[in-house]
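Input: a single structure, listed below in structure tokens.
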Amino acid sequence: MPQDDQWVPLLLPSEIRRMNRETLIHEIREIKAQYKDKMAILAHHYQKDEIVELADKRGDSLELARLSAKLKEAKYIIFCGVAFMVETAAILCREDQKVYFPAPNAGCPLADMAGEEDVKRVWDELARIVDIQKVIPITYINSPTEIKTFCGEREGITCTSSNAGKIVEWAFQTGDKILFMPDENLGRNTCNSLGMPREEVILWDPSLEGGGCEKEAIKNARVILWKGYCPIHLEFTVQQVKMARENYPGCKVIVHPECLEEVANASDATGSTSKIIQYVEESPPESTIVIGTESNLVKRLAREHPDKTIVELSHSECPDMSRVTLRNLHFVIKYLGDFNVVEVEEPMAGHARLALERMLNVK
Ligand code: CIZ
């Protein structure tokens, strides 16, 4: 992980602070061209257009992390996303590569909802009630490295929003219970899509003794959901889905599985960012699609598919994603050095990698 003394200076050099947008873009392109294929800029789908347009590749967190290691020539990976994504790339990249993070202050409130200390305490509480050897911990990729490490050390695994169903099924091949962290909505929607009975899926509130659950309920549960959520996706409501259907008769509504269960149920489909993109691409011309996910992606899809009507379910922008700016991107690539480099030390990286690799091997 980045050390404090490697953080970007609070005040960028004045030459960069004073540059206008056009000069920033021009210089970023020029500097990048000097490195040819040795430098790759990767941008998450939720980044602003001006960043995505400068990127060599865009994708979801996992696609980008896997890609880094496959870019044969690239020694400098400039990752435009949020902390957990950049750390995942640093864990999966090759030894001869360095991963740079233009905005080290870009975190993820959802990832922060399951801290290492809390997770270990909850695990110990669970161990007093059930046979802990049979509990498989699953962590959504939107989690701190420490939690991926925790899962790696305990026969656990990571998941993404596109493979959560398969990962839950994988876990039941060896365990009889799952602790699913940190997004209760992804967990709930996944269990619903697998047709699991309601009483088998319980919610554990880490701020309450025993998670706020009855002992019997814990013993009988097959999936224990960690109480956590993405504030961006929590903003979408059933009322908005109803309004969308009134305003756009015949429209299709697709939302991200981090949305509330009732919103997912009221929609026509749920899907990860990559699935939402595929859904739009595969919809016939003239379709109207209302999308509940981060606004930068939805607005870009609208621009890229002028033959379709693409509408935001409501405006919901991720402030952390917006912390990557032309200025800090320019700074990082101009002064490429030992600062803003993200490294995850061993043995933590090794255990986290194990949890990630288990997931990558699930077909
Ligand atoms: O894993 C990702 O990239 C996120 C945050 C969402 C998604 O659905 O792809």
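Of all residues in the range 23-62, count the ones that are surrounded by fewer than 21 Cβ atoms within 10 Å (Cβ to Cβ), among the small types (Gly, Ala, Ser) and in contact with a Leu (Cβ under 8 Å, 6 or more places away or on another chain).
The total comes to 2.
Check whether at least one residue in the range 126-143 is within 16 Å of the ligand (Cβ to nearest atom), without any contact (Cβ under 8 Å) to a residue 40 or more places away in the chain and either aliphatic (A, V, I, L, M) or closer than 27 Å to residue 336 by Cα (or both), and report yes or no.
Applying the first criterion (within 16 Å of the ligand (Cβ to nearest atom)) to the range 126-143 yields 138-143.
Subsequent filtering for residues that are without any contact (Cβ under 8 Å) to a residue 40 or more places away in the chain retains none.
No, the range 126-143 has no match at all.
For the range 183-192, state whether one or more residues are over 16 Å from residue 257 (Cβ atoms) and modelled with pLDDT of 95 or more.
For the range 183-192, residues over 16 Å from residue 257 (Cβ atoms) and modelled with pLDDT of 95 or more: absent.
Out of everything in the range 250-275 that is farther than 18 Å from residue 288 by Cβ and among the small types (Gly, Ala, Ser), what residue ends up being farthest from the ligand (Cβ to nearest atom)?
Applying the filter and picking the extreme gives 264.
Out of the residues in the range 209-251 that are of a type in the set (Val, Ile, Thr) and assigned to a loop (DSSP other than H, G, I, E, B), which is most open to solvent (accessible area, probe 1.4 Å)?
Among those residues, the one meeting the criterion is 237.
For residues that are assigned to a helix (DSSP H, G or I) and within 30 Å of residue 253 (Cβ to Cβ), scanning just the range 308-359, find the one that is most open to solvent (accessible area, probe 1.4 Å).
So the first thing to find is which residues in the range 308-359 are assigned to a helix (DSSP H, G or I), and the list is 321-323, 326-334, 348-359.
From what's left, within 30 Å of residue 253 (Cβ to Cβ): 321-323, 359.
Details: 321: 6, 322: 32, 323: 97, 359: 5 Å².
Here the answer is 323.
Would you mind listing the helices (runs of 4 or more DSSP H) fully within the range 144-202 where at least 2 residues are hydrophobic (A, V, I, L, M, F, W, C) and closer than 18 Å to residue 120 by Cα?
Numbers: elements: 145-153, 164-174, 184-193.
Here the list reads 145-153.
Here are 286, 258: which of them is closer than 23 Å to residue 64 by Cβ, acidic (Asp, Glu) and either out of contact with any helix residue (DSSP H, G or I) (no Cβ under 9 Å at 6 or more places or on another chain) or in a loop (DSSP other than H, G, I, E, B) (or both)? Before the answer, list the steps.
On the way: 286 fails: closer than 23 Å to residue 64 by Cβ.
Result: 258 is the single residue among 286, 258 that is closer than 23 Å to residue 64 by Cβ, acidic (Asp, Glu) and either out of contact with any helix residue (DSSP H, G or I) (no Cβ under 9 Å at 6 or more places or on another chain) or in a loop (DSSP other than H, G, I, E, B) (or both).
Please go through the range 282-295 and give me each residue that is more than 14 Å from the ligand (Cβ to nearest atom) and either in contact (Cβ under 8 Å) with a residue 24 or more places away in the chain or of a type in the set (A, V, I, L, M, F, W, C) (or both), ordered by number.
Matches in the range 282-295: 283, 287, 288, 289, 290.
If I filter the range 89-144 down to residues being within 26 Å of residue 175 (Cβ to Cβ) and among the small types (Gly, Ala, Ser), which single residue comes out as surrounded by the most Cβ atoms within 10 Å (Cβ to Cβ)? Spell out how you get there, then give the answer.
Here is the first cut: in the range 89-144, the ones within 26 Å of residue 175 (Cβ to Cβ) are 91-92, 110-111, 113-144.
Of the ones still in play, those that are also among the small types (Gly, Ala, Ser) are 111, 114-115, 127, 143.
Numbers: 111: 27, 114: 25, 115: 16, 127: 12, 143: 32.
The qualifying residue surrounded by the most Cβ atoms within 10 Å (Cβ to Cβ) is 143.
Considering only strands (runs of 3 or more DSSP E) fully contained in the range 49-112, which possess at least 1 residues that are within 14 Å of the ligand (Cβ to nearest atom)? Break it down stepwise before answering.
Values: elements: 57-59, 76-80, 98-100.
Per the criteria, 57-59, 76-80.
What single numbered condition from (1) part of a helix (DSSP H, G or I); (2) farther than 19 Å from residue 100 by Cα fails to hold for residue 362?
Against the list (1) part of a helix (DSSP H, G or I); (2) farther than 19 Å from residue 100 by Cα, residue 362 comes up short only on (1).
Out of all the residues in the range 17-47, which are farther than 15 Å from residue 273 by Cβ and either within 16 Å of the ligand (Cβ to nearest atom) or acidic (Asp, Glu) (or both)?
Of all residues in the range 17-47, those farther than 15 Å from residue 273 by Cβ come to 17-41.
Residues satisfying the conditions are 22, 27, 30, 37.
Residues of the range 69-82 being open to solvent by less than 30 Å² (accessible area, probe 1.4 Å) and touching a residue at least 60 places away in the same chain (Cβ under 8 Å), which ones?
Passing the criteria: 78, 79, 80, 81, 82.
The values are calculated or read from the model by the stated rules, or taken from the named source; none is laboratory data. Quick caveat: nothing in here was measured; it's all calculated off a predicted structure. Cβ atoms come from the backbone with ideal geometry, glycine included; neighbour counts cover every protein chain shown. SASA here: full protein model, heavy atoms, side chains in, ligands and nucleic acids out. Shrake-Rupley method; radii C 1.70, N 1.55, O 1.52, S 1.80 Å.
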